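What follows draws every value from the coordinates through simple rules; no lab data is involved. Model, not experiment: these values are computed from the prediction. Cβ coordinates were reconstructed from backbone atoms using ideal geometry, including for glycine residues, and neighbour counts include every protein chain displayed.
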Amino acid sequence: MELTFPKYFESILKRYLKQTFYATTRREVFSERDFGPKDLKLFAQGAKTLSGLFTSERKDLAANYLNDKKYRAGYLLYFLPLNFCKAQSILEKLPASFFERPKIKVLDLGCGPGTFSLALIDYLVQRREKKKERIEVEVLALDQNYHVLKDAQILHEEMAKALKSKGHNLRVNLAVRTFDLRRGKPDTLLKNDQFDLIVASNFLNEWVSSSSQEKAKFLEKIYQRHLPPDGFLILMEPGFQRSTRDLMALRDLILSRKGLNVFAPCLHQRECPMLAATDRDWCHFYIQWEQPAFMKELDRLLKNKNEFLKLSYMIFTSKHLSEVDRLHLKKEEAAQISRAVSNLMGSKGKSEIVLCGAGGRWRVSRLDKNRAEPNRGFAELKRGDLVYVPKIPSRPFVQEGDLRIEKGDRIEKIPS
């Protein structure tokens, strides 16, 4: 499935921006005109300011920053498409059977403009393009900001209308609630409701003053009561060092409470070896996508680069499942699958990459002179790839290990 921001929703988003943010201003007379370069440049101003605040000055960002129309418009135009595609890259990790459910019920914590559920609806339609069977999604979206919830309502309505006009048998039930999750008691709102999918997308990193222990305690209250045995918890964060290392620590705390297992990207349930071994590395990924023309122009204006989508994420479930299960391997073969958690690094006469799996975290290198048919897949490896390396010992589990690939050693990249 090609990863890109859908053209039909790009049109919806641009039209909504002009009609909403030009209203009651001197530009209102232009609100029905096609979205042009001047509109892009105007809305890019808020995106540029937010981009700087998100990456380097998060502590200076007000809790209700989306009350500012300039920021909100910039967020919708720039960050919504980026996070939409990041969300779909994570959804691709879930078992195919998850998407065959007659109805998918979602709890979106700190939902913003509903980006994750919008991505889910579009993803379901893409999967069932030829089948035309009924798609039903029920979403409870919680956020402290009234204005962004209003954006979410209208964008969901417009998406559903556009997809139904194309003949899709779609039913979307979106309920939004203004709710401060950091101060309120979610159980008073959620009661005993159960959700197939609980999502916290770019939400936990906004709790700048909260510890990993506080975040883990908050999440535990949610998933213990509201996540059924066959449900999934998804945490998605920007792929920055601080937010990702916080997510890695949160992962370890969740596993230590023994209520959930990690489904992806980790291939083991042990303490994170990267977090334990180093105070600088962070487990993030780059996702390939087809960047729309308007996003390329925004990147030019903002002096950013998004040829690849950068993110960190964790998927949890109470069942003993792993992303590797889709490969239908024998138990001993599955134990020899690792994930690339670095880029392939070249130096004079050799290449190396960091892999993490059931045997722990290994720096695997190959001298150029040892290139051979069994290990030719080594040169193709990229961050995030699953790779079969029988030479990595499954025991003992190590925080840091070094392994040299020789001519006869087998390495096989697993097709995504």
Relative contact order of segment 81-326, pairs being alpha-carbon contacts under 8 Å that are 6 or more residues apart, as % = 19
remark   = Here segment 306-315 yields Karplus 3J(HN,Hα) values (6.51, -1.76, 1.60; θ = phi - 60°; whole Hz; Gly and Pro given as x) of 9, 4, 10, 8, 9, 7, 10, 7, 9, 10
ask   = Short version: what are the Cα gyration tensor semi-axes of segment 1-84, square root of 5 times each eigenvalue, largest first, in whole Å?
value = 22, 19, 10
ask   = From the backbone phi of segment 71-84, what are the Karplus-calculated ³J(HN,Hα) couplings (6.51 cos²θ - 1.76 cosθ + 1.60, θ = phi - 60°) in whole Hz, Gly and Pro given as x?
value = 5, 5, 5, x, 5, 4, 6, 9, 7, 4, x, 4, 6, 4
key: Links that overshoot a 23 Å alpha carbon limit, given the list Lys217/Lys331; Lys14/Lys161; Lys103/Lys330; Lys86/Lys348; Lys14/Lys164   = Lys217/Lys331; Lys103/Lys330; Lys86/Lys348
key: GNM result for the chain, Cα springs below 10 Å: residue of Gly231, Gly401, Gly349 fluctuating most strongly   = Gly349
Beta bridges per DSSP with both ends in segment 81-326, % antiparallel, nearest 5 = 35
query = Label-point separation (nm) for Leu367 and Arg242, each offset 7 Å from Cα along Cα-to-Cβ?
reply = 4.5
note = Residue-ordered couplings for segment 389-394, obtained by feeding phi - 60° into the Karplus form 6.51 cos²θ - 1.76 cosθ + 1.60 and rounding to whole Hz (Gly and Pro as x), are 9, x, 6, 5, x, 7
note = Contact order relative to length for the chain, counting C-alpha pairs under 8 Å separated by 6 or more residues, stands in percent at 12
task = With only Lys, Arg, Asp and Glu charged, each at its Cβ (+1 for the first two, -1 for the last two), find how big the charge dipole of the chain is about the Cα centre; round to the nearest 20 debye.
result = 300
0 to 90° range, to nearest 10: angle between helix 293-302 axis and the chain longest Cα axis = 90
query = Mind checking the log10 I(q)/I(0) for segment 231-378 at q = 0.09, 0.10 Å⁻¹? Debye, one equal scatterer per Cα, no solvent, two decimals.
reply = -0.36, -0.45
key: Scaled radius of gyration (Cα, divided by 2.2 N^0.38 Å) that segment 329-413 gives   = 0.99
task = Counting only DSSP beta bridges with both residues in the chain, tell me the antiparallel percent, nearest 5.
result = 50
query = Hey, what's the per residue convex hull volume over the C-alpha atoms of segment 158-317, in cubic angstrom?
reply = 178
Rounded to 10°, Cα long-axis angle of helix 115-127 versus longest principal axis of the chain = 70
inquiry  = Give me the net charge for the shell around Val341: Cβ to Cβ below 9 angstrom, other residues only, Lys and Arg +1, Asp and Glu -1.
reply    = +2
message = Please check: in the Gaussian network model of the chain (C-alpha springs, under 10 Å), which one of Leu66, Leu76, Leu142 has the largest mean-square fluctuation.
response = Leu66
key: Tilt relative to the chain, helix 241-256 - C-alpha long axis, 0 to 90 degrees, to 10   = 70
Point-to-point label distance, Gln288-Thr24, nm (Cα→Cβ direction, 7 Å offset) = 4.8
Protection proxy ranking, peptides 25-33, 238-246, 370-378, average beta carbon neighbours within 10 Å, highest first = 238-246, 370-378, 25-33
inquiry  = Can you list residues from other chains, or at least 5 along the same chain, whose modelled amide H is less than 5 Å from the amide H of Val398?
reply    = Gly360, Arg361
message = Between Lys407 and Ala96, what is 0.36 nm times their sequence separation minus the Cα-Cα distance? Round to one decimal in nm.
response = 108.2 nm
message = Which of Ala141, Ala87, Ala335 ends up with the largest GNM mean-square fluctuation for the chain, with Cα atoms connected below 10 Å?
response = Ala335
remark   = Given backbone amide H placed at 1.01 Å from N, residues whose amide H is under 5 Å from that of Ala264, ignoring those fewer than 5 places away on the same chain, are Ile315
task = Within the set of other residues whose C-beta is less than 9 Å from the C-beta of Ile315, count the net charge using Lys and Arg as +1 and Asp and Glu as -1.
result = 0
key: Estimated D of segment 62-165 in µm² per second, where Rh is the Kirkwood radius over Cα pairs and Stokes-Einstein applies at 10 °C, 1.306 mPa s   = 109
remark   = Scattering profile of the chain from the Debye formula, Cα beads only, expressed as log10 I(q)/I(0) at q = 0.08, 0.10, 0.13 Å⁻¹, is -0.46, -0.72, -1.19
